[in-house]
Amino acid sequence: MEKGIYTLILRLDPDLDLVVGSLGEIHLWRGYYAYTGSARGPGGLKRVERHRRVMEGTNPARRWHIDYLLPHVSLEEVVVTETSLDLECQIALKIGEKLEFVPRFGCTDCKCPSHLHHTGERTKIFRAVRRAHGR
């Protein structure tokens, strides 16, 4: 399986108060979210399939921050950049230039402000994510 960086474009409806591992309780506004992650390890982009199983409830494990959110959202699209380069933070920061970020979400192993971004506008999130992935 290929390796790379991915961004999940998710829709949340309605607002949600959620306890997320070490972050504690956070409030998420209804709308669209972009979560950027890395799949450069041995399983490669199989990680995206794992996220889908968490959304469906067939994998109840809560290993990463995103695992707490996935059961509450619907998947709009997955944007992937196949690469062996460490571009996760670069892509997340580029998305953050256009969208609001959820503080410290998904970035406990780096210095980014967040790897989860929000907007209420569907076209805005698609444009920001595709731009960050170089499309």
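The values are calculated or read from the model by the stated rules, or taken from the named source; none is laboratory data. Since the model is a prediction, treat every value here as computed from it, not as a measurement. Don't worry about glycine lacking a Cβ; one is built from the backbone with ideal geometry, like all the others, and counts go over all protein chains shown.
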*Scan region 90-100 for residues that are surrounded by fewer than 20 Cβ atoms within 10 Å (Cβ to Cβ) and either in contact with a Leu (Cβ under 7 Å, 6 or more places away or on another chain) or part of a loop (DSSP other than H, G, I, E, B) (or both) and report the count.*
2
*Go through region 112-135 and give me each residue that's free of Cβ contacts under 8 Å to residues at least 24 places away in the same chain and surrounded by fewer than 18 Cβ atoms within 10 Å (Cβ to Cβ).*
PRO113, THR123
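Over 12 Å from the mean Cα position of the chain (by Cα), under 22 Å from CYS112 (Cα atoms) and modelled with pLDDT under 95, is that true of ARG50?
no
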*Go through (1) touching a residue at least 24 places away in the same chain (Cβ under 8 Å); (2) within 21 Å of GLY41 (Cα to Cα); (3) exposed (fewer than 15 other Cβ atoms within 10 Å of the Cβ) one by one and return the number of the condition ASP109 breaks.*
(1)
*If you take the residues in region 3-37 that are of a type in the set (Ser, Thr, Tyr) and crowded, with 21+ Cβ neighbours inside 10 Å, which one is farthest from the chain's Cα centre (by Cα)?*
TYR32
*at pLDDT 95 or above, more than 22 Å from GLY4 (Cα to Cα) and surrounded by 18 or more Cβ atoms within 10 Å (Cβ to Cβ): does that describe VAL73?*
yes
_Going residue by residue through region 117-124, is there one that turns out to be in contact with a Leu (Cβ under 6 Å, 6 or more places away or on another chain) and among the small types (Gly, Ala, Ser)?_
no
